[in-house]
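A quick write-up on the structure given underneath.
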Amino acid sequence: MNYQVIIPAAGSGKRMGAGYNKLFLPLDNRPIIDHTLNIFLKDACCNRIILVIQPNDKILFEEIFKKDHYSKIRIVDGGSERQYSVYNGLKAADNKGIILVHDGARPFIQAETIKQLVRFASDYGAAIAAVPVKDTIKRVNAMEVAETIDRSSLWQIQTPQAFRYSVLKDAHDQAKSEDFLGTDEAALVERMGHPVKIVASDYDNIKLTTPEDLYFAKAILEKRKENSYN
Ligand code: C5P
């Protein structure tokens, strides 16, 4: 089943501390964003990539993907918050079918997870990738434990998040009109009372956020190389 994907890549990457957009940092001699883009460029079911960037980064991005990919990639200017960047992407998307949102900073998403998300979004309207929480989670007030939360029902939410176009557009329009800012797309959809299904993903699908994440990223790449040799 075909789909389009919005890739927000317009952040400043402050927590990575590189001094420039972290998506240009090298991973196995290629920028992080190149890894992420390639997953969708290679997927025949993905018929459009909407890459959301800061205008200042445009030349650097254009150097990364070759001219022959221009037909599949549409470039859009980002906003001051991730949600605004995704909204700009949404306005540039085809207004039908299944649409995914996937962070540029998650270069390890597996093709099988994407496939399942697309299927679930088509059947149920909204589906998101997630993994069960491993650590014990506590609510803390002023550096003192207020509550231990039952871990058995807690999931750590990732991207991709997949939707029927109309569901995501309505959710963003409503959030905009009510000045609501969420930390993911699903939060906007949940606010409309629309159910959101979970697709079990894997722990490799990390978001490269702080410098330590680059060590994990190298280890994941090594593991995948070893697996492909065996
Ligand atoms: O900062 P963080 O890693 O959580 O951002 C997630 C993704 O959203 C990144 O790929 C980043 O480039 C993107 N983003 C964006 N526009 C913003 C902020 C973040 O496209 N204003």
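Couple of notes before you dig in:
- Test: residue in segment 140-157 that is within 16 Å of the ligand (Cβ to nearest atom) and either open to solvent by 60 Å² or more (accessible area, probe 1.4 Å) or modelled with pLDDT of 95 or more (or both): yes
- Scope segment 172-230; condition under 18 Å from the mean Cα position of the chain (by Cα), in a loop (DSSP other than H, G, I, E, B) and either farther than 21 Å from G11 by Cα or aliphatic (A, V, I, L, M) (or both); matching residues: L181, V196, S201, D202, Y203, D204, I206, L208
- Checked across segment 3-14, the condition of being open to solvent by 20 Å² or more (accessible area, probe 1.4 Å) and more than 15 Å from the ligand (Cβ to nearest atom) holds for no residue.
- Hey, R30 under 20 Å from L221 (Cβ atoms) and either of a type in the set (D, E) or more than 10 Å from the ligand (Cβ to nearest atom) (or both) or not: yes
- Summed over segment 45-75, residues that are within 16 Å of the ligand (Cβ to nearest atom), of a type outside the set (A, V, I, L, M) and outside any helix (DSSP H, G or I) total 3.
- Test: residue in segment 113-128 that is within 25 Å of E81 (Cβ to Cβ), surrounded by fewer than 14 Cβ atoms within 10 Å (Cβ to Cβ) and not acidic (D, E): no
- Only a single item in (1) open to solvent by 80 Å² or more (accessible area, probe 1.4 Å); (2) touching a helix residue (DSSP H, G or I) at 6+ places or on another chain (Cβ under 9 Å); (3) within 12 Å of the ligand (Cβ to nearest atom) is not met by K42, and it is number (3).
The values are calculated or read from the model by the stated rules, or taken from the named source; none is laboratory data. In this text, all values refer to a predicted model and were calculated from it rather than measured experimentally. Glycine also receives a Cβ, built like all others from the backbone with ideal geometry; neighbour counts cover every protein chain displayed. With ligands, DNA and RNA removed, areas are computed over all heavy atoms of the protein, side chains included. Shrake-Rupley method; radii C 1.70, N 1.55, O 1.52, S 1.80 Å.
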